[in-house]
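Visitor: Before I ask anything, let me first share the structure, which is written out below as structure tokens.
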Amino acid sequence: MYEIDPERLDLAREFRARPHGVHSAELQRVLNRMRLQPLAGRYALVVVEPYRRWMLARLSGRRGVPPTLFPERQFDDIAEAEWAIFRLRWELLTGRALELPE
Amino acid sequence: MKRVLGYADRISARPGDRLAIMVSCEAAGDRFEAALFRLICGDDSPAGPGFKVEPVAHPANRAYPARRQPTHAGSCARLPALPALASFTLAVLAWPTTPEQGRQAILGSFVAAQRRGLALGIDAAGQGCVRFGDGETVGELSSGRKLPARRWTLLAASWDAGERHLRLVQQELPAFPAHAPPPPAVVGSLLAAAPDLGDLPLLLAAAAVPGGDPRATAEHYNGKIEAPLVAARALPPEALLPALRDPPALGGDLVAAWDLAAEIPTDRVLDRGPGARHGRTVNLPTRAVTGSLWDGSEHDWRGAPAHYAAIHFHDDDLYDAGWAPDLQLALPAGLRSGVYALRLSFAGDEDWVPFFVTPAAGAKRAPVAYLAATATYTAYANPHYAFDDPIDEVTRGTATILRPEDLHLNAHRELGLSTYDTHSDGSGVCFATRLRPVLNMRPRSRLWNFNADTFVIDWLEWLGQPYDVITDEELHAEGAAALAPYRAVITGSHPEYYTTAMSDGLAGWLAGGGRLMYLGGNGFYWRAAYSPHFPGAVEVRRAEGGTRTWAAPAGEHHHAFTGERGGLWRNLGRPPQRLVGVGFAAEGFDVSSYFRRGEGSRDPRAAFVFAGLGDSAVIGDHGGLGGGAAGIELDRADALLGTPPHALVLASSEGHSNVYVPTPEEILAMYPGLDGVEHPDVRADMVFFETPAGGAVWSTGSIAWSCALAWRNHDNDVARITTNVLRRFLEETPFAMPVSAGPAAPAPATPSR
């Protein structure tokens with residue numbers, strides 16, 4: 001099983017610069033690992049205002065059971081929302097918080 | 001969550017026809033408002049061309065009393081009541097899929113609320129049981145042994161009136177060669193009061209709920225049932241299986257024996273007993289499934305009915321929501337053909353009920369028809385992949401975004417499933433229906449199928465081009481005759497599901513000189529089936545191969561509706577390349593890319609396509625779906641799969657992301673290097689070819705193409721090319737077959753083929 005190297009901040013920078021589209025093979029491995037997390041507890045976004053505002057949520061993984069919502073975690077830019085989920089998963093999978101030096 | 005939902009009894013209608021509109025208001029309020037619109041563009045995103053509708057004055061545009069209408073999912077079969085029997089046996093074979101979920105009814109008449117009747121079923125601990133009541137007290141015998149999941153087990157209850165003895169038998173059948181089932185579990189009890197089947201209807205796979213809504217049922221069973229039988233004496237345990245295998249041998253003791261292999265395409269449940277107590281299925285359970293006798297020697301239920309004597313019931317099956325109409329919408333005689341939607345407004349929410357108006361009988365036809373992919377819309381109706389499919393996010397390459405309609409469908413599972421879903425027991429969903437609110441077939445929803453296809457309407461309106469609208473349902477019913485009035489036909493972005501009659505109809509019209517503009521990707525891919533017994537439903541069997549969210553079990557690749565073998569048209573000898581020059585190659589859902597013009601675009605035969613475009617090498621580096629015209633699902637040309645030798649590959653896409661991968665049927669053995677960055681067959685090919693009768697086909701091979709039409713107010717290369725093709729396709733001048741074949745269509749890059 002591929003493990004994410006918490007030292008590879010270059011991959012985090014690559015994602016931050018371009019969350020969607022062609023990625024390096026190594027970043028794609030990171031994303032594959034993140035996006036195949038179990039459905040139960042998986043991070044997702046709930047539309048608050050169509051095309052304008054999204055709220056962080058976690059799927060229940062059980063049919064008919066609604067996602068848990070995080071109203072205090074809202075985004076008006078989809079790239080910022082992707083980045084927030086990336087950081088949460090980075091910490092979950094590496095045990096280390098993701099902070100990019102400016 | 002949605003506060004108002006509606007649906008229509010039909011998806012296409014002609015002027016003069018009447019549609020029944022069913023509405024449910026899910027919150028407090030007295031009245032809802034209805035208003036009719038002609039739909040031009042359903043995309044309400046800020047980056048799109050704008051949400052465009054045209055109000056239609058109509059007497060039905062007014063307020064109506066609001067009410068909530070429940071939906072009852074879960075399939076069963078309703079069987080007539082039995083005659084009064086002193087002694088009796090109820091017996092059945094069951095293949096439960098969720099015995100661990102506890103209480104489920106399998107066969108009988110027991111009504112818990114009335115404490116009456118008798119039924120075989122599964123008890124709270126997952127064991128076989130019989131429950132019974134005399135109107136005052138309820139009794140239950142359990143086998144003491146858990147029912148194994150996905151194995152055939154005989155369950156029987158026998159009452160001997162003379163002995164005052166009730167016996168329950170649970171007997172597993174051998175499931176594989178080395179399987180030695182335990183001896184039957186036999187549990188008996190002396191009863192002072194006789195258990196009474198009651199003068200009550202029997203149900204398979206559910207229990208009745210007396211009073212109130214007659215459609216309501218409870219204790220739904222997941223799994224297969226075979227050979228339900230009633231005898232007029234208490235059969236000993238060793239006589240049960242022989243009786244189920246050969247009911248007539250019971251002679252005068254046979255009361256009823258329902259043959260679930262009979263009349264598989266219908267809702268009829270045939271009783272071969274003396275009383276002809278025929279029943280009907282409810283909510284379209286899956287027939288044409290393997291039974292306890294299936295041994296792999298036959299894969300078509302028509303060839304060995306005895307091997308297919310089972311029905312698979314699910315607690316989330318739904319055929320027709322069955323709501324009562326709230327209004328009748330009479331279509332005025334002069335209404336123009338088009339895409340329409342009735343807006344329902346209630347409690348600050350709205351729902352749009354779309355439908356297609358086809359030309360009136362005898363009306364003068366437009367020169368071009370837009371062919372709405374209603375079979376595909378139905379196959380996709382009410383999907384749950386974001387919640388249920390573990391690989392959904394990784395295939396999309398973006399975070400999962402949940403819209404109000406997604407949240408509603410997750411919370412309200414009674415609104416039924418799409419053929420992309422699995423049932424609650426994990427089995428694949430073979431049937432989907434439009435006789436319920438379909439939350440993803442709406443304007444102002446995600447750009448997919450119905451809503452994405454409105455970009456084609458928007459472009460035709462921008463052109464000022466007169467057009468008619470017809471749907472898959474007319475193509476299925478009338479074949480080539482449905483298209484015959486038109487010189488050209490335009491598809492939407494994703495006409496994926498085709499019945500045999502639709503495929504024959506389109507091919508026949510092309511053979512007669514029709515000109516087809518295929519503005520999509522992954523079209524003409526799966527065989528689907530309609531049924532006169534279940535109008536509004538579509539059946540899909542996901543047989544070997546194909547990009548699938550589930551796979552049809554071995555032995556269950558033939559449609560119940562038609563008996564036809566299901567699966568990919570490619571595997572059935574009709575690859576899409578034969579019809580339209582291209583066929584499904586790859587998919588990815590993160591970003592779209594662009595086309596690069598190829599050698600074929602310089603051929604004089606294709607000059608009309610690129611007129612006015614100059615020497616620009618790149619086409620469609622813009623668009624409303626993923627930011628490019630080449631994306632989402634991609635088709636490529638392939639001479640080996642039937643792309644005509646004279647077809648011109650005008651352009652091919654490139655630069656696809658890591659998320660794009662080939663469809664499995666393109667790959668014989670997996671190997672590294674398959675994604676859109678590395679693999680040359682992950683691409684769309686734009687193809688043009690002439691046909692011998694003076695017609696032609698132009699295919700874009702990309703779902704994202706149509707959503708790129710509107711960019712910069714239609715002042716762009718995608719709209720220019722599409723318009724060029726339409727203008728030429730509407731000219732009378734026949735297309736001539738080229739004297740010498742052009743450059744051969746490419747062979748696949750995959751080395752193994």
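Values quoted throughout were computed directly from the atomic coordinates according to the rules given, and no laboratory measurement underlies them. Keep in mind it's a predicted model, so treat the numbers as computed, not measured. Glycine also receives a Cβ, built like all others from the backbone with ideal geometry; neighbour counts cover every protein chain displayed.
Visitor: Once the cut-off is 56 Å, how many percent of the Cα-Cα pairs in the protein assembly as shown end up in the long-distance tail?
Guide: Roughly 15 percent, rounded to a whole number.
Visitor: Further question: B:A551 to B:Y671: extension gain in nm, 0.36 nm per residue of separation minus the Cα-Cα distance?
Guide: 41.0 nm
Visitor: Give me the extension gain from B:A193 to B:E478: residue separation times 0.36 nm, minus the current Cα-Cα distance, reported in nm with one decimal.
Guide: That pair, B:A193 and B:E478, stretches by 96.5 nm at full extension.
Visitor: Give me the one-decimal nm value for the distance between modelled label points at B:A249 and A:R52, 7 Å along each residue's Cα-to-Cβ direction.
Guide: 7.4
Visitor: Let me ask something else. Excluding residues on the same chain fewer than 8 positions from B:K224, give the lysines whose Cα lies under 24 Å from its Cα.
Guide: Candidates past the 8-residue exclusion: B:K146.
Visitor: When the Karplus curve 6.51 cos²θ - 1.76 cosθ + 1.60 is applied with θ = phi - 60°, which whole-Hz ³J(HN,Hα) does each residue of region B:608-619 get, with x for Gly and Pro?
Guide: Computed from phi, the couplings for region B:608-619 are 5, 5, 9, 4, x, 9, x, 9, 3, 8, 9, 10 Hz.
Visitor: Divide by every residue of the protein assembly as shown the summed helix terms, -39500 (n - 2.57) for each DSSP H run of at least 4, and state the resulting mean residue ellipticity at 222 nm, rounded to the nearest 500 deg cm²/dmol.
Guide: -4000 deg cm²/dmol
Visitor: Give the separation of the Cα centroids, region A:21-42 to region B:265-341, in Å.
Guide: Result: 41 Å between the Cα centres.
Visitor: Could you list B:R712, B:R343, B:R515, B:R602 in order of exposure, starting from the residue whose Cβ has the fewest other Cβ atoms within 10 Å?
Guide: B:R712, B:R602, B:R343, B:R515
Visitor: Amide H neighbours of B:S427 under 5 Å, counting only residues 5+ apart in sequence or on other chains, H built in-plane at 1.01 Å?
Guide: none
Visitor: Over what distance in Å are the Cα centres of region B:100-158 and region B:386-405 separated?
Guide: When both Cα centres are located, 39 Å separates them.
Visitor: Return the average number of partner chain Cβ atoms within 10 angstrom of each residue Cβ along peptide A:35-46.
Guide: 5
Visitor: Separate question: For labels at B:V739 and B:R446 in the simple 7 Å Cα→Cβ model, what's the distance in nm?
Guide: Modelled inter-label distance: 5.3 nm.
Visitor: Rank these for me by crowding, B:V697, B:V456, going from fewest to most other beta carbons within 10 Å.
Guide: Lowest count first: B:V697, B:V456.
Visitor: Where nothing but the Cβ of Lys and Arg (+1) and of Asp and Glu (-1) is charged, how large is the charge dipole of the protein assembly as shown around its Cα centre, in debye to the nearest 20?
Guide: The dipole magnitude comes to about 880 debye.
Visitor: Shifting gears a bit: Could you pull out every residue, at least 5 positions away or on a different chain, whose amide H is within less than 5 Å of the one on B:E219? Hs are placed 1.01 Å off N in the peptide plane, and Pro or chain starts have none.
Guide: Here B:A207 satisfy the definition.
Visitor: Could I ask something else about it? Quick one: if you stick a label point 7 Å off each Cα along the C-beta vector at A:R73 and B:A324, how many nm between them?
Guide: Between A:R73 and B:A324, the label points sit 4.7 nm apart.
Visitor: Something else: Counting only the backbone N, which residues of region B:19-52 are under 15 Å from the spot 7 Å out from the Cα of B:L463 toward its beta-carbon?
Guide: Counting only backbone N, you get no residues.
Visitor: Mind checking which aspartates and glutamates have their Cα closer than 16 Å to the Cα of B:K2? Skip sequence neighbours fewer than 8 apart in that chain.
Guide: A:E49, B:E26, B:E33, B:D349, B:E350, B:D351, B:E405, B:D406, B:E414
Visitor: Kindly work out what percent of the DSSP beta bridges joining two residues of region B:493-636 are antiparallel, to the nearest 5.
Guide: Around 85 percent antiparallel, to the nearest 5.
Visitor: Now for a different question. Would you please give the residues with an amide H less than 5 Å from that of B:A330, counting only those at least 5 places away or on a separate chain, with H modeled from the backbone geometry?
Guide: Amide H neighbours of B:A330, under 5 Å, 5+ apart: B:L19.
Visitor: Would you please state which residues of region B:46-60 a label at B:R18 would reach in this model, taking the label point 7 Å out along Cα→Cβ and a backbone N cut-off of under 16 Å?
Guide: B:59-60
Visitor: B:A693 to B:F608: FRET efficiency via 1/(1 + (r/R0)^6), r the Cβ-Cβ distance, R0 22 Å, to the nearest 0.05?
Guide: So the FRET efficiency works out to roughly 0.70.
Visitor: What are the ³J(HN,Hα) values, in whole Hz, obtained from phi via the Karplus relation 6.51 cos²θ - 1.76 cosθ + 1.60 with θ = phi - 60°, for each residue of region B:646-660 in sequence order, with x given for Gly and Pro?
Guide: 8, 5, 9, 8, 7, 7, 9, 8, 7, x, 6, 7, 4, 6, 6
Visitor: Now a separate question. Using r as the Cβ-Cβ distance of B:A63 and A:D5, and R0 as 56 Å, what FRET efficiency do you calculate, to the nearest 0.05?
Guide: With a Förster radius of 56 Å, E is 0.35.
Visitor: To the nearest 20 debye, what is the magnitude of the charge dipole of chain B about its Cα centre, counting +1 on the Cβ of each Lys and Arg and -1 on the Cβ of each Asp and Glu?
Guide: 1020
Visitor: If the label point is 7 Å along Cα→Cβ of B:S345, which residues in region B:48-75 have backbone nitrogen under 17 Å from it?
Guide: Within reach of a label on B:S345: B:51-66.
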